[in-house]
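Notes to accompany the following structure.
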Amino acid sequence: MTLFVGRHVNRIDKKGRVSVPKPFRAALQAQGSALLYVYPLFKHQALEACGEAFMARLSASLEDLDMFSDDQDDLAAIVLENAHALSFDPEGRVALPKELAEHAGITADAAFVGRGGRFQIWSPKLYAANRDRAFERARARGATLRLRKPSAETDDGDGA
């Protein structure tokens, strides 16, 4: 699976369109996704974006929750009801819906932030503050990560 990594900041044009970074477009294309799904994050004033396969996985995961439970209702309302399937124009731009841009405080510029199988879209100023807080939280608790053992389908990156 092609991953979304790195940070890119692109300008919003007068029509509300923004160019999705070329590496992110390439990752979507490699995943076979012609659409970009975008929905509001509920933990942050930002947006989450993904391709069709990740969106289908997310939807299926919601089906694993108890039917009619508050968790299922709330998460489906936040994600599925507010998701927009965006098409790319010939220049690789998408038009961010007004309500999503307002939720994220995105006006003149948009920061695209890789998150592996998906990415986030932020106001650059809000992203910088959130990134700084994340570094401090991780430092304060001495965060560590146990790497998964490589599977037959994936390379562990050590060249072996």
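The values are calculated or read from the model by the stated rules, or taken from the named source; none is laboratory data. For clarity, every value in this text was computed on a predicted model and none was experimentally measured. Here the Cβ positions follow ideal geometry from the backbone for every residue, glycine too, while neighbour counts run over all protein chains shown.
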_Looking at ALA104, ALA77 in this structure, which one is under 20 Å from ASP13 (Cα atoms) and among the hydrophobic types (A, V, I, L, M, F, W, C)?_
ALA104
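Would you point out the residue of the range 106-142, among those that are of a type in the set (Val, Ile, Thr) and assigned to a loop (DSSP other than H, G, I, E, B), that is nearest to the chain's Cα centre (by Cα)? Before the answer, list the steps.
We begin by selecting, within the range 106-142, every residue of a type in the set (Val, Ile, Thr); these are 106-107, 113, 121.
Of the ones still in play, those that are also assigned to a loop (DSSP other than H, G, I, E, B) are 106-107.
Working: ILE106: 15, THR107: 18 Å.
So, considering only residues that are of a type in the set (Val, Ile, Thr) and assigned to a loop (DSSP other than H, G, I, E, B), the one nearest to the chain's Cα centre (by Cα) is ILE106.
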*What are the residues in the range 90-105 that are assigned to a loop (DSSP other than H, G, I, E, B) and either in contact with a strand residue (DSSP E or B) (Cβ under 7 Å, 6 or more places away or on another chain) or of a type in the set (Phe, Trp, Tyr) (or both), if any?*
GLU91, GLY92, LEU96, PRO97
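Being buried (at least 17 other Cβ atoms within 10 Å of the Cβ), more than 14 Å from the chain's Cα centre (by Cα), modelled with pLDDT of 95 or more and among the basic types (Lys, Arg) is the requirement here; does ARG93 meet it? So that I can check it myself, show each step before the final result.
Numbers: buried (at least 17 other Cβ atoms within 10 Å of the Cβ): yes; more than 14 Å from the chain's Cα centre (by Cα): yes; modelled with pLDDT of 95 or more: yes; among the basic types (Lys, Arg): yes.
Answer is yes for this residue.
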*When you scan the range 80-95, how many residues do you find that are under 13 Å from ALA49 (Cβ atoms) and polar (S, T, N, Q)?*
1
*Filter the range 96-124 for residues that are in contact with a helix residue (DSSP H, G or I) (Cβ under 7 Å, 6 or more places away or on another chain) and under 13 Å from CYS50 (Cα atoms); which is surrounded by the most Cβ atoms within 10 Å (Cβ to Cβ)?*
PHE119
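One residue is enough: does the range 79-89 have a residue meeting the conditions more than 25 Å from ARG7 (Cβ to Cβ) and either within 18 Å of the chain's Cα centre (by Cα) or surrounded by fewer than 16 Cβ atoms within 10 Å (Cβ to Cβ) (or both)? Walk me through it before giving the result.
Initial filter on the range 79-89 (more than 25 Å from ARG7 (Cβ to Cβ)): 80-81.
Going one step further and asking which of them are either within 18 Å of the chain's Cα centre (by Cα) or surrounded by fewer than 16 Cβ atoms within 10 Å (Cβ to Cβ) (or both), we end up with 80-81.
Yes: one or more hits.
Would you be able to tell me the number of residues in the range 134-150 that are charged (D, E, K, R) and surrounded by 10 or more Cβ atoms within 10 Å (Cβ to Cβ)?
So in the range 134-150, the residues charged (D, E, K, R) come out as 136-137, 139, 141, 146, 148-149.
Subsequent filtering for residues that are surrounded by 10 or more Cβ atoms within 10 Å (Cβ to Cβ) retains 136-137.
So the answer is 2.
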*Sole exception among (1) in contact with a Lys or Arg (Cβ under 7 Å, 6 or more places away or on another chain); (2) surrounded by 11 or more Cβ atoms within 10 Å (Cβ to Cβ) for ASP74, by number*: (1)
*asked:* Looking only at the range 10-53, how many residues end up being in contact with a strand residue (DSSP E or B) (Cβ under 9 Å, 6 or more places away or on another chain), under 22 Å from TYR127 (Cα atoms) and surrounded by fewer than 14 Cβ atoms within 10 Å (Cβ to Cβ)?
replied: 3
